[in-house]
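Enquirer: Have a look at this one.
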Amino acid sequence: MEKKATDLRVRRTCSLLSLALVNLMQTRSFDKISVLHICERAMVHRATFYLHFDDKYDLLRYILSEYAKQITDDSIADLKEYITDAAAKFFADIEKNYLVYKRMIEKNDSLVLLNVLEDSIHNIIYKKMSECLDEPEEKLRTRASFYCGGVMNLAVKMCTGGLSRSCGDVLPEIRKLIDKVL
């Protein structure tokens, strides 16, 4: 659903709903959170929620798209530096907000959450690659999907105990890989 980002009331409502969902995800899995729970936590009427979002998945997509804007720095022109910077911020955020990511990843029967997160990461990578590389779209999408898969796998492993949760442990290896493959 398209948001009118310039209206302060809309921005405030979207912010309250976003914060409510993120706070709820610190204590329970996404599957156990309802729109009613989100609205109660945000102190926003359910009808108002549906003016702005189709469902809780739409709210999550909004949160992740806003998050993508925060972890990317469009002033960085170099592709390697851009992706390294975004990866550093993303993995630092996983370390900082471990429970939220863990709840997004754990016990998600439909895998919708992982797909939403993966789409957000893919879009970040693809957008910058299309700006920096003069290659056919299909090749860029394939490469972006490949890199995105690696990022997602690392995120899942960090949240499920398969890798260290420490950003400091993971980032040096990520930097080496980015230097080799980009």
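Enquirer: Of all residues in the range 94-118, count the ones that are in contact (Cβ under 8 Å) with a residue 24 or more places away in the chain, closer than 14 Å to MET152 by Cα and in a helix (DSSP H, G or I).
Expert: Residues in the range 94-118 being in contact (Cβ under 8 Å) with a residue 24 or more places away in the chain, closer than 14 Å to MET152 by Cα and in a helix (DSSP H, G or I): 11 in total.
Enquirer: Inspect the range 53-65 for any residue being among the charged types (D, E, K, R) and touching a helix residue (DSSP H, G or I) at 6+ places or on another chain (Cβ under 6 Å) and give the result as yes or no.
Expert: Keep residues of the range 53-65 that are among the charged types (D, E, K, R), which gives 54-56, 58, 61.
When the remaining residues are screened for being touching a helix residue (DSSP H, G or I) at 6+ places or on another chain (Cβ under 6 Å), the result is 56, 61.
There is at least one residue in the range 53-65 that is among the charged types (D, E, K, R) and touching a helix residue (DSSP H, G or I) at 6+ places or on another chain (Cβ under 6 Å).
Enquirer: Would the range 96-114 turn up any residue that is assigned by TED's automatic domain parsing to the domain that holds VAL156, modelled with pLDDT of 85 or more and among the acidic types (Asp, Glu)?
Expert: Scanning the range 96-114, I find no residue that is assigned by TED's automatic domain parsing to the domain that holds VAL156, modelled with pLDDT of 85 or more and among the acidic types (Asp, Glu), so the answer is no.
Enquirer: Would you confirm whether any residue within the range 6-27 is exposed (fewer than 15 other Cβ atoms within 10 Å of the Cβ), among the hydroxyl-bearing types (Ser, Thr, Tyr) and assigned to a helix (DSSP H, G or I)?
Expert: Yes, that holds for at least one residue.
Enquirer: Does the range 118-141 contain at least one residue that is out of contact with any Phe, Trp or Tyr (no Cβ under 7 Å at 6 or more places or on another chain), exposed (fewer than 12 other Cβ atoms within 10 Å of the Cβ), modelled with pLDDT under 90 and not hydroxyl-bearing (Ser, Thr, Tyr)?
Expert: no
Enquirer: Here is a follow-up. Within the set of pairs 6+ apart or on separate chains, which have a first residue in the range 120-133 that is in the same structural domain as MET104 (by TED's automatic domain parsing), a second that is polar (S, T, N, Q) and at pLDDT 90 or above, and C-beta atoms under 9 Å apart?
Expert: Sorted first by the residue in the range 120-133, then by its partner, the pairs are HIS122/SER145; ILE125/SER145; TYR126/SER145.
The values are calculated or read from the model by the stated rules, or taken from the named source; none is laboratory data. These numbers were taken from a predicted model, which means no experiment stands behind them. Note: ideal-geometry Cβ built from the backbone for every residue, glycine included; neighbour counts use all protein chains shown.
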